1. For the stretch 18-126, take every pair of Cα atoms, bin their distances at 5 Å starting from 0, and report each bin as a whole percent.
2. Straight distance only, please: which lysines reach the Cα of Lys119 with their own Cα at less than 23 Å, same-chain residues fewer than 8 apart left out?
3. Grab every C-alpha pair in the stretch 12-63, bin the distances at 10 angstrom width from 0 up to the longest one, and report whole percents.
4. Got a sec to turn the phi values of the stretch 106-112 into Karplus ³J(HN,Hα) couplings, 6.51 cos²θ - 1.76 cosθ + 1.60 with θ = phi - 60°, whole Hz, x for Gly and Pro?
5. Students often forget the sequence filter, so: which lysines lie under 19 Å Cα-Cα from Lys17 once same-chain residues fewer than 8 apart are removed?
Amino acid sequence: MTDAVSTPPLSAAETAKKPAGLDAGLWEQATPAQQQVLKRIAKQRARLHARAAARAQARTLRETPGAQRVSADAPLAERAAAFVRLHPVATAAAGAALMALGPRKLLRWAGIAWPWIVKLQQRRAR
């Protein structure tokens, strides 16, 4: 029986190397032509496993609710709102710390931090 697809013969180094996940006894009993076929089968299995993993990952990302994902290019307010939804305990702890500081200190620190935040946003927009 002739092979419809002609494949170049394996070199000695390629013939000696057994593909991962293949039975060692089967590999050692196979002729060089059979080893070549077994290598192609192993490569195809690896491709199929990688494709299945990529599909599963894409499906998981599609099924993730929109609140779980935020674009890196989203406005600061939208990213902050997403952070609050994703990390309520951290937000509550930060809120408690801010309340402990008091309104006068908060306004003072906001006056210092706000120009810095605006400058960073302008750099990011460029």
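1. Pairs per bin, as whole percents: 2, 9, 10, 10, 11, 9, 7, 6, 6, 6, 6, 6, 5, 3, 3, 1, 0.
2. Reachable lysines: Lys105.
3. Once binned at 10 Å, the Cα pair distances of the stretch 12-63 give 24, 38, 19, 14, 5.
4. 4, 5, 5, 5, 5, x, 7
5. Within the straight-line limit of under 19 Å, Lys17 reaches these lysines: Lys39, Lys43.
Computed from the coordinates by the stated procedures, all read-outs in this text should not be read as laboratory data. Note that the coordinates shown come from a computational prediction; the quantities given were computed from them, not determined experimentally.
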